[in-house]
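Note sheet for the following structure.
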Amino acid sequence: MTSTDDDATPRATPVVRLKPKAEARAIRHGFPWVYADELVTDRRTQGLAPGALAVLEDGERRPLGLVTVNVKSKIIARMLDRDPEAVIGQAWFAARLSKALAHRARLYPQPFYRLVHAESDGLPGVVIDRFGELAVVQPNAAWAEAHLADLVAALVSVTGVATVIKNGSGRARGLEGLAEEIAVVHGAAPSAPVPAPMNGATYMADLMGGQKTGLFFDQRENHAFAARLARGAKVLDVFCHVGGFALAALAGGAQSALAVDASAPALALAGQGAQASGFADRFATRQGDAFEVLEALGQEGARFDLVICDPPAFAPAKPALEAGLRAYERIARLAAPLVAPGGYLVLCSCSHAADLHAFRNASARGIGRGGRRGQIIHTGFAGPDHPVLPQLAESSYLKALAFRLDG
């Protein structure tokens, strides 16, 4: 597509411009997004196809970099490269992926990790999780969908993975106007769940039909901390997904672990993971709504030395914040009485709309309403394969609070 600016100078790439009152300084200092009310949306801009590339200029017509534009999204432009002349192709993707890979390879002896964490790794809206010789790509922005072939070719070239699965599902794609689709885009589909070693346990990931990319690597460091608390303990893991904290606790020497989830397929995978890890005799599951199971366990008089609650995002966006904080408070209120005197309660939130301060206060209120008091002994975040872009609060979403409750 060819366009001209107001000086009639031909350009190979369209130009979009910030409104005069828009704050260009934040973008110069690394903020990667432009919101719809900050951009001049004239007829030319409105005519750009979702995911189109454009040169972003400030109100004084000074170039800021190369962006991708989607006029259907509240995030109307995302910064791709500070060089407005950058060429987005296989070589460009390979450079970004090589940089991301070098960091993960230094951290992890085995290739099981988040390889690309969206804006934090310079690939806006793109998530890539690696499972040995397989990789799962989530192209959650229109530009990534449009350039998927180059991205996949670069991914195979840089990492040598044999299979690449596109997981085109989730809320983010809907906000970008993209359809849902799960497909193998390189190599052959796995015929069974894929084993993933982590913290001394083996997790089973369903890469074709599981939640998100099949496994949550972000909790790895928090699993490891909880495992230190679990030696000789009776453990309750609520919202366990495919084994989450429970398998890590058993690897850390827990006496037993009860894993709770509403999903029967997730619990089946957790059971397979326990079997593969050699923990089956110490592992049990209970299917049901987490709130109802917590209430039932309280009525049964059950007590555990370590209780972990790792729910889905109750506050995925600001409009849901108040209701989400009430849900986190309720979880804490129901879980606290289940903790044996002097035991531990680990509460997690993956809601970026609920910051650490708000989540900590909701958790403390819930513990108090549950008739307990406690001290915070640890605050955890996502692991280092989920880097945080300092200018983008949304890239820091995961919080984990470990409380030691009164005796």
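Each value in this text was obtained by applying a stated rule to the coordinates, not by laboratory testing. Just so we're clear, the structure is a prediction, and the values are computed from it rather than from any experiment. Don't worry about glycine lacking a Cβ; one is built from the backbone with ideal geometry, like all the others, and counts go over all protein chains shown.
If you model segment 84-205 as an ellipsoid using its alpha carbon gyration tensor, with each semi-axis the square root of five times an eigenvalue, the axes come out at 22, 18, 13 Å, biggest first. For segment 134-184, the antiparallel share of DSSP beta bridges with both residues in that region comes to about 50%. Karplus-based coupling profile of segment 270-276, in residue order and whole Hz: 4, x, 5, x, 4, 5, 5, with θ = phi - 60° in 6.51 cos²θ - 1.76 cosθ + 1.60 and x standing for Gly or Pro. Rounded, prolate or oblate, given the Cα gyration tensor of segment 131-194, with a/c below 1.5 counting as rounded? Oblate is the answer for segment 131-194, as a/c is 1.5 or above yet b/c matches or exceeds a/b. Taken one residue at a time, the phi angles of segment 347-352 give Karplus couplings (6.51, -1.76, 1.60, θ = phi - 60°) of 10, 10, 9, 10, 8, 5 Hz. Gly and Pro are set to x. What percent does the relative contact order of the chain come to when contacts are Cα pairs within less than 8 Å and at least six residues apart? Computed over the chain, the figure is 10 percent.
When the helices of the chain are scored as -39500 (n - 2.57) per DSSP H run of n ≥ 4 and the total is divided over every residue, the value at 222 nm lands at -9000 deg cm²/dmol.
Scanning the chain for GluC sites (Glu not before Pro) that sit in a DSSP loop and have at most 16 other Cβ atoms within 10 Å, the longest stretch containing none of them is 181-407. Highest mean packing comes first when the peptides 395-404, 364-373 are listed by Cβ atoms within 10 Å, giving 395-404, 364-373. Both numbers refer to the Cα atoms of segment 256-407; Rg and Dmax are 15.9, 48 Å. Counting Lys and Arg as +1 and Asp and Glu as -1, what is the net charge of the other residues whose Cβ lies under 12 Å from the Cβ of His241? With Lys, Arg at +1 and Asp, Glu at -1, the neighbours total -4.
Amide hydrogen proximity for Gly59: with H placed 1.01 Å from N in the peptide plane, the residues at 5 or more positions away or on another chain lying under 5 Å are Leu18. Note on Asp150/Gln299: beta-carbon distance plugged into 1/(1 + (r/R0)^6) with R0 of 51 Å gives a FRET efficiency of 0.35. Antiparallel beta bridges, as assigned by DSSP with both residues in the chain, represent about 65 percent of the total such bridges. Largest first and in whole Å, the equivalent-ellipsoid semi-axes of segment 185-329 read 24, 21, 14, each the square root of five times a Cα gyration tensor eigenvalue. Under the criterion of Cα pairs below 8 Å and six or more residues apart, the relative contact order for segment 304-407 equals 33 percent. Counting only Cα atoms, the size of the chain along its three principal axes is 77, 45, 34 Å, in decreasing order.
Could you tell me which of rounded, prolate or oblate describes segment 1-151, using a ≥ b ≥ c as the square roots of the eigenvalues of the alpha-carbon gyration tensor, with rounded for a/c under 1.5 and, failing that, prolate when a/b is larger than b/c and oblate otherwise? It is prolate, given that a/c is not under 1.5 and a/b is the larger ratio.
Using alpha carbons only, how many angstrom separate the centre of segment 330-373 from the centre of segment 9-73? Spelled out, the Cα-based centre of one part sits 43 Å from the other.
Taking Thr202, Thr213, Thr13 in turn, the Gaussian network model of the chain (Cα-Cα springs below 10 Å) assigns the largest fluctuation to Thr13. Over segment 1-145, Cα pairs under 8 Å with separation of 6+ residues give a relative contact order of 17 percent. For segment 172-182, putting each phi into the Karplus relation 6.51 cos²θ - 1.76 cosθ + 1.60 with θ = phi - 60° gives couplings of 4, 5, x, 5, 8, x, 9, 7, 7, 6, 10 Hz, in residue order, rounded to whole numbers and with x for Gly and Pro.
Summing charges over all other residues whose Cβ lies under 15 Å from the Cβ of Leu178, with Lys and Arg as +1 and Asp and Glu as -1, gives +2. Between the C-alpha center of segment 198-236 and that of segment 112-189 there is a gap of 22 Å. Residues whose amide H comes within less than 5 Å of that of Ser169, counting only those at least five positions distant or on another chain, are Glu181 (H built at 1.01 Å from N in the peptide plane).
Within the shell defined by Cβ-Cβ distances under 13 Å, the residues around Ala254 carry a net charge of +1, with Lys and Arg each +1 and Asp and Glu each -1.
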